[in-house]
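Beneath this line is the structure, given in structure tokens, with notes to follow.
FYI, it's all coordinate maths here, none of it is from the lab. Keep in mind the model is a prediction, meaning the values are calculated, not measured. Virtual Cβ from ideal backbone geometry, glycine too; neighbours counted across all protein chains shown.
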Amino acid sequence: MIGPTGKNPNDDFFTDLGKTPKANKPNQDHHGSSQPNAINAGKWLDEAKSFLQLDSRKAKVDFVLSLINSGSST
Amino acid sequence: MTTPTIEDLSEEINSRYEQSFPSQQENRTNPNTEIYSSVQRKFHGKITENPNFGISYSSPKESFKTERRVAVLIGDNHMNKDLAVDQYQLLKGLYTDEDLFLSSSFNEGKTSAESAYPTIPEGLSEAQIINDIRTERMAQETAVLYTLRSKVESASIPYLAYNPESLSQAEDLDIMLGKLISISTGIAATVPDAEHKVFKGLSFEVHKLNLMKLAYEHGSLEHEFYALLGSRIKDMTSKLGYDEALQRRIAEATIETVETFSDANRDQDPTSWQNKYHQAPRMLDNAQTEKLYEQIFNNTQELTLKTRNQRMADMFAQTEPGTRTMIVGANHYSKKVDGKSLIDRLEEKGIPVIVIEGTKL
């Protein structure tokens, strides 16, 4: 979907993702290593729901790829 | 780019799903529950009269006779559509039989009927319902719930509530995901079932995933669905040791498969997804393929035949006394993992089991 500014508003979401404040508690992966850059899951989802429209197959793929690209860990 | 950890995300999505679809389990006391010896006698009488089904097992131990918690497992093979329709008719008959006093049932995990139920259009005819069962657009238990809950007055109806089992959303998706990836990466179509039995029931998994997707959409949880899908793909493909470029290609192809199937299901056009299934370009080399097979096998063993069986047995044990049915894949009760099948796990909790199976080949 193209927004009033002539660009895809979903792009802003992905651009801004990295600027989201960090969670209060550090997350840990299965190996016990700290994930200080990981953000709060609820907040991240709320922001995705606010800023990101899943109105096309591409938007859905981009959203899923954002999780692959980010280096999310377990 | 920063995202939550996969585990945090999975946990958050599970919690949101449960809030949107709280268990309808009423767990009320059924005043008419009967002891196992009486249930056993009645079921033997009723199933003997039904040419489509037979009882292949009933717990023999003397000490079970006075138990009031009874598990009636109805064997499914996920491939035989006639059997699925027969099971629907069987369950309808059992739940409207005023002599049986059944309590609310359980669901093996094909996206809980309670969450799929509201996504079904109102006013479907019996013929449409049967067609939906044949095409796997509706699970048998969901169809019984849809048909009976609002329409039939009967002693058993207040207890007709198909309760979801206690697998998390991530676990449920992980079971389906390996097989789904095998489709999207072009492997499934190239491997004969005879060689890799893990792929049997592949379409069942894809239908199940679609029911899950419909439920998420119904609950305004579309972002959560795709986030869960993405994070579980990431988790699985990372553990398989696939590099990030391959992870991305798999994620993209898998979403494409899900969407193609979803559209085909909506339009009742099975050919478009079958074309997808047969024409997907193969993107894994032999070593990567073997790793995926191994992962699918491990998930089947660990999640399906161990964790799921254990939790099914826990649920039967934790609910109020009563006779409960569950349509369940035959592997659950015929295969043993760590020396135990679902029957063993139920019986060790003091719950007698009756197994009903279809008689047609």
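If you scan the stretch B:279-318, which residues turn out to be of a type in the set (A, V, I, L, M, F, W, C) and assigned to a helix (DSSP H, G or I)?
B:287, B:292, B:296, B:297, B:303, B:305, B:312, B:313, B:315, B:316, B:317
Within the stretch B:60-71, restricting attention to residues that are surrounded by fewer than 22 Cβ atoms within 10 Å (Cβ to Cβ) and touching a Ser or Thr at 6+ places or on another chain (Cβ under 7 Å), which residue is farthest from residue B:328 (Cα to Cα)?
The residue in question is B:65.
Is it the case that some residue within the stretch B:26-45 is in contact with an Asp or Glu (Cβ under 6 Å, 6 or more places away or on another chain) and among the basic types (Lys, Arg)?
No; the residues of the stretch B:26-45 include none that is in contact with an Asp or Glu (Cβ under 6 Å, 6 or more places away or on another chain) and among the basic types (Lys, Arg).
With the condition being in contact (Cβ under 8 Å) with a residue 60 or more places away in the chain and among the β-branched types (Val, Ile, Thr), I'd like the helices (runs of 4 or more DSSP H) fully within the stretch B:1-103 carrying at least 1 qualifying residues.
So the answer is B:6-20, B:36-49.
Within the group B:215, B:227, which residue is at the interface with chain A (Cβ under 10 Å from one of its Cβ atoms) and either among the hydroxyl-bearing types (Ser, Thr, Tyr) or in a helix (DSSP H, G or I) (or both)?
Of the residues listed, the single one that is at the interface with chain A (Cβ under 10 Å from one of its Cβ atoms) and either among the hydroxyl-bearing types (Ser, Thr, Tyr) or in a helix (DSSP H, G or I) (or both) is B:227.
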